[in-house]
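J.: Sharing a structure with you now.
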Amino acid sequence: MNNKLSKEELVREIHDVLNEHRSGTLATVLENYPRSSPVIYFTGNDMDIYILSAGGDKFKAIENNNNVCFLVNTEYIDYKRIKGAQVFGKATTSVNDSSIIEEAKKYIFDKHLLEQHNDIKIIKIIPEEIVYLDSLEEGNRTKQVLKNGEVQIKEDEF
């Protein structure tokens with residue numbers, strides 16, 4: 001993908017990638033140590049991300065530092081060919097704001113997930129920057145960045 005996408009095209013491509021998958025990786029920082037967690041998720045308005053969880057250290061991490069990174073991607077074909085979206089944003093949790101559970105019910109793909117588990121917790125990510133890459137076909141590593149409603153191009157540096 002060499003051509004810069006319009007804002008509308010990029011939003012559509014990111015939305016498609018996020019909705020093609022149900023699992024991703026959430027990165028947080030706890031006590032100056034980065035950590036990543038495999039999670040299941042769904043999207044809401046404005047590409048907000050809702051992550052379902054039983055708990056864990058990621059909640060402590062978010063309480064101390066709500067800056068997170070969330071990654072959704074295909075499998076690597078080789079070291080250059082992959083497609084995905086990397087979402088940088090601010091996270092809040094249902095532990096600190098129980099209204100997130102009711103909000104998530106509007107968007108969840110399987111309502112039974114929330115009904116079956118009354119101890120489930122939710123992390124909500126509000127995106128600030130989303131990096132989109134589609135290098136599946138030609139291995140082109142040009143990244144399209146959606147930030148502040150604008151599209152930016154970011155080339156890999158070697």
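J.: Residues in segment 118-138 that are among the hydroxyl-bearing types (Ser, Thr, Tyr) and within 12 Å of Cys69 (Cα to Cα): how many? Spell out the reasoning first.
T.: First pass over segment 118-138, keeping only residues among the hydroxyl-bearing types (Ser, Thr, Tyr): 132, 135.
With within 12 Å of Cys69 (Cα to Cα) added as a condition, the list becomes none.
Final tally of qualifying residues: 0.
J.: Ok, one more. From (1) at pLDDT 95 or above; (2) within 11 Å of the chain's Cα centre (by Cα), pick out the condition that doesn't hold for Met47.
T.: (1)
So that you can scan it fast, the table gives a plain yes or no per residue for (1) in a strand (DSSP E or B); (2) within 18 Å of the chain's Cα centre (by Cα):
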position: Leu5; (1), (2): no, no
position: Glu8; (1), (2): no, no
position: Gly24; (1), (2): yes, yes
position: Ser36; (1), (2): yes, yes
position: Tyr41; (1), (2): yes, yes
position: Ala61; (1), (2): no, yes
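J.: Continuing with the same structure: Residues that are in contact with a Pro (Cβ under 6 Å, 6 or more places away or on another chain) and within 23 Å of Ile108 (Cα to Cα): does segment 35-56 have at least one?
T.: In the first step, residues of segment 35-56 are kept if they are in contact with a Pro (Cβ under 6 Å, 6 or more places away or on another chain); the result is 47.
Still in the running and within 23 Å of Ile108 (Cα to Cα): 47.
Among the residues of segment 35-56, at least one is in contact with a Pro (Cβ under 6 Å, 6 or more places away or on another chain) and within 23 Å of Ile108 (Cα to Cα), which makes the answer yes.
J.: Of these, Asn64, Asn96, Asn45, which one is over 30 Å from Glu138 (Cβ atoms) and touching a Leu at 6+ places or on another chain (Cβ under 8 Å)? Full working, then the answer.
T.: Numbers: Asn96 fails: touching a Leu at 6+ places or on another chain (Cβ under 8 Å); Asn45 fails: touching a Leu at 6+ places or on another chain (Cβ under 8 Å).
Exactly one residue qualifies, and that residue is Asn64.
J.: Which of the following residues is at positive phi, of a type outside the set (Gly, Ala, Ser) and free of Cβ contacts under 8 Å to residues at least 40 places away in the same chain: Asn148, Asn65, Asn96, Asn118?
T.: Working: Asn65 fails: at positive phi; Asn96 fails: at positive phi; Asn118 fails: at positive phi.
Every option except Asn148 fails the conditions.
J.: Which pairs turn up if I take residues in segment 7-32 that are within 30 Å of Asn64 (Cβ to Cβ) and look for partners that are in a loop (DSSP other than H, G, I, E, B) with beta carbon separation below 7 Å, at least 6 apart in sequence or on another chain?
T.: Val29/Asn65
J.: On to the next question. Going by what's in this entry, would Leu5 be described as among the hydrophobic types (A, V, I, L, M, F, W, C), closer than 30 Å to Val151 by Cβ and crowded, with 17+ Cβ neighbours inside 10 Å? Break it down stepwise before answering.
T.: Numbers: among the hydrophobic types (A, V, I, L, M, F, W, C): yes; closer than 30 Å to Val151 by Cβ: yes; crowded, with 17+ Cβ neighbours inside 10 Å: yes.
Yes, satisfied.
J.: Looking for whichever is touching a residue at least 60 places away in the same chain (Cβ under 8 Å) and more than 18 Å from Lys121 (Cα to Cα) here; the options are Gly44, Gly84, Gly89. Which one fits? Can you show your working first?
T.: On the way: Gly44 fails: more than 18 Å from Lys121 (Cα to Cα); Gly89 fails: touching a residue at least 60 places away in the same chain (Cβ under 8 Å).
The conditions single out Gly84.
J.: Would it be correct to say that Tyr107 is in a loop (DSSP other than H, G, I, E, B), within 29 Å of Gln152 (Cβ to Cβ) and in contact with a Gly (Cβ under 6 Å, 6 or more places away or on another chain)? Give the steps one after another, and end with the answer.
T.: On the way: in a loop (DSSP other than H, G, I, E, B): yes; within 29 Å of Gln152 (Cβ to Cβ): yes; in contact with a Gly (Cβ under 6 Å, 6 or more places away or on another chain): yes.
Yes, satisfied.
The values are calculated or read from the model by the stated rules, or taken from the named source; none is laboratory data. Note that the structure is a prediction, hence the values are computed from the model and not measured. Neighbour counts run over all protein chains shown; Cβ positions are idealised from the backbone, glycine included.
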